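The values are calculated or read from the model by the stated rules, or taken from the named source; none is laboratory data. Not measured: the values here are computed from a predicted model. Here the Cβ positions follow ideal geometry from the backbone for every residue, glycine too, while neighbour counts run over all protein chains shown.
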């Protein structure tokens, strides 16, 4: 077993929420979705160029679902790549050009697909992290069967996130995080706009890196500097320190983040104020109040 | 100190202590020694304080007796009477051996327990040193909650001694030694006597009846050994023998045992007999008859011995299972002289068989009754710790515009990988990521436990633990429902906290001084 036999898989999950990107295009035209995808492609190419045995997967996360950009159903494997008519003529490593073409083609399909009527865009820009996390995770699980026996695969996931968190996917998301932790899969996060508590937790639990980049136009530089090295190499590099993660729980009544609260001992639901009945499981609680000191009655003196 | 009203049990003259001649006095509750000619005692120890005694080995010239106290001190007495030193020393030792066990207080056990606890738990030991040795808390308060209820509750956890069983060979162990002149010397120890009494309650009864009214102990046992009851052949039992009754009772008991039989369904004693195959394979040519006349003398004596063996074994087993019975319980004794164990009615098949015939998964499940959780609003759990903030409001027109824009942009998407990054952007990003850059600021904070030397950390931890202990005392005073607790809170604890605080202050200043 040598280091060459080890396969390093990088899965890049790109948030292509059209609402956010559409608004972004009008807000700050320097970083458009195209430019973002270019930067991601650069990272993917670099990763594959580092070692021959590195593998790449790119997933685009849309509002309601996610799609594999690379590898996709048009991918025939490494052998037939040369027959592809659209191979670039600049002498590029075939694997890279094939990958780029596939990604470009697929993202065009994804973004220009007719949006079906029943798909409702939520009023706020939300990202459905769990869906494509589920997809990528399944992909990772399939990998040992795709390659020959005896090859170890180390994988990590990089999430490039643009829009905000969706609180309703919390449970699925946490399950995915713990599953990744058990499988030793790192989750890194590169956040473009607003901080995401869920991704912070994911990175903290699995041992990945969370970074909110200050300059969007330098996205490629950040990706290459911080997220290209894998976990072994990172121990040798000076990288941004882990962020402080807010692990506070939110109370069930107001969804405020609290540090000290009341927890029902039956159903473990968290409240910020004491109430004698738990609203989730309807258990009644009794708390001993301080005893009232009865005033002593003075004995009447008996007259002799 | 030395009161003449104490009963003096033994006086030994010519005992030296610390190279001084004197006299040793053993009294009812203590042992004392006074120098020659003087009236008072210089050395006096209560028996309760003495942990153990030691004597010098027999070969040594100096005949000494050493007393070791619980506190670890020791006192040595040298018996210097030329003629009777050894006798004196042995007499003193015997008396002490009898007296010391009586005075072993329970408090010693407590002390041992405390020592053990302190040795086993270094944290507790440190706490003890910090609080009690430096006089912040008194030792009693420290141990108040820790020893549990050693004094109050029943001491069964500590007295879980198992009863000593009876050796089956105890009678055989009394090997008689020839006395030189045609006599036999039987060595009876207390253990053997106890075994005899437990196994043969009839003998015990006889003992109770006759000693000390009619016979002395020595005479009783002499008679016992002389009687044929003891010997293997019980053919001739004279009516003068006080043990003839015992023999009759044993016969009765044996008969009733046989009648009762063994209640083990897996053992069928009645079908056990010698099965003969052929001549030469253990054949008995004549079927054994039960009438006494046909038996040879040898056969009948063999039968008698075997009968006695069986009876003896049965009695030993019965005595072993009769534990817990008080010796004065006469009624229950007589009821179980037949030797059957009490719990023979309740038969348990051996464990091996039970394992073989029972399958765990075929048996009915004995699940504990549980109460189901009744959740009314279970979707609350699914909501993550994302506060419900006001989201950006986007009109539907905005949405449609954005989507169209994107679609328009991406329809002709072609990767342009040579124009991804401008050099200015790249260099500013690198600056931000280099040490000292915007993104690297939080990393320069060093963990505090790397900045402080470990010994200071250790001392601080001990102080913290001691403070926690004091707080525990504080909180245990609530709710204040007795004047004692009130007084403790306002007076005593206040003092304790002040002492602790000043101690901390001292430590702090000392540490600060060291730094500068």
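Residues in the range B:429-444 that are facing another protein chain (nearest Cβ under 7 Å), over 22 Å from residue A:37 (Cβ atoms) and assigned to a helix (DSSP H, G or I): B:430, B:432, B:433, B:438, B:439, B:440, B:442, B:443. Looking only at residues of the range A:228-242 that are over 20 Å from the mean Cα position of the chain (by Cα) and not in a loop (DSSP other than H, G, I, E, B), we find that the one that is nearest to the other protein chains (Cβ to nearest Cβ) is A:233. Identify the residue in the range B:220-234 that is under 41 Å from the mean Cα position of the chain (by Cα) and modelled with pLDDT of 75 or more and, among all such residues, is surrounded by the fewest Cβ atoms within 10 Å (Cβ to Cβ). Per the stated criteria, the residue is B:222. Of the residues in the range B:413-423, none is at the interface with another protein chain (Cβ under 7 Å from one of its Cβ atoms), in a helix (DSSP H, G or I), modelled with pLDDT of 85 or more and farther than 13 Å from residue A:220 by Cα.
Of the residues in the range B:437-456, at least one is in contact with a helix residue (DSSP H, G or I) (Cβ under 9 Å, 6 or more places away or on another chain), at pLDDT 80 or above and under 24 Å from residue B:126 (Cβ atoms). Among the residues of the range B:480-515, those that are within 38 Å of the chain's Cα centre (by Cα), loosely packed, with under 15 Cβ neighbours inside 10 Å and within 14 Å of chain A (Cβ to nearest Cβ) comprise B:480, B:481, B:482.
Go through the residues of the range B:82-95 one by one and say whether even a single one is touching a helix residue (DSSP H, G or I) at 6+ places or on another chain (Cβ under 8 Å) and outside any loop (DSSP other than H, G, I, E, B). So far as the range B:82-95 goes, no, none of its residues is touching a helix residue (DSSP H, G or I) at 6+ places or on another chain (Cβ under 8 Å) and outside any loop (DSSP other than H, G, I, E, B). Residues that are at the interface with chain A (Cβ under 9 Å from one of its Cβ atoms) and either exposed (fewer than 10 other Cβ atoms within 10 Å of the Cβ) or over 56 Å from the mean Cα position of the chain (by Cα) (or both): does the range B:457-479 have at least one? Looking for residues that are at the interface with chain A (Cβ under 9 Å from one of its Cβ atoms) and either exposed (fewer than 10 other Cβ atoms within 10 Å of the Cβ) or over 56 Å from the mean Cα position of the chain (by Cα) (or both), one finds at least one in the range B:457-479, hence yes.
Looking at A:66, A:61, A:46, A:34, which is the one that is at the interface with chain B (Cβ under 10 Å from one of its Cβ atoms) and at pLDDT 75 or above? Exactly one residue qualifies, and that residue is A:34. On inspection, residue A:277 fails the criterion of being under 24 Å from residue A:199 (Cα atoms), modelled with pLDDT of 85 or more and outside the structural domain of residue A:200 (by the TED database).
Remark: residue B:344 matches the filter, which requires a residue to be more than 14 Å from chain A (Cβ to nearest Cβ) and either modelled with pLDDT of 80 or more or surrounded by 10 or more Cβ atoms within 10 Å (Cβ to Cβ) (or both).
Filter the range A:176-200 for residues that are within 11 Å of another protein chain (Cβ to nearest Cβ), in a helix (DSSP H, G or I) and either in contact with a helix residue (DSSP H, G or I) (Cβ under 7 Å, 6 or more places away or on another chain) or surrounded by fewer than 17 Cβ atoms within 10 Å (Cβ to Cβ) (or both) and give the result. Hit for the range A:176-200 is A:198, nothing else. Scanning the range A:201-227 for residues that are in contact with a strand residue (DSSP E or B) (Cβ under 8 Å, 6 or more places away or on another chain), in a loop (DSSP other than H, G, I, E, B) and at the interface with chain B (Cβ under 9 Å from one of its Cβ atoms) yields a total of 1.
Going by the conditions given, is residue B:366 modelled with pLDDT of 80 or more and more than 7 Å from chain A (Cβ to nearest Cβ)? Here the answer is no, as residue B:366 does not meet what is asked. Under the condition of being assigned to a loop (DSSP other than H, G, I, E, B) and surrounded by 18 or more Cβ atoms within 10 Å (Cβ to Cβ), the residues counted in the range A:152-175 number 4. Within the range B:373-384, residues that are more than 7 Å from chain A (Cβ to nearest Cβ) sit with their Cβ atoms under 8 Å from residues that are assigned to a loop (DSSP other than H, G, I, E, B), at 6+ positions apart or across chains, in these pairs: B:378/A:280; B:381/A:269.
Put simply, of A:245, A:266 the only residue that is more than 8 Å from every other protein chain (Cβ to nearest Cβ) and not in a strand (DSSP E or B) is A:245.
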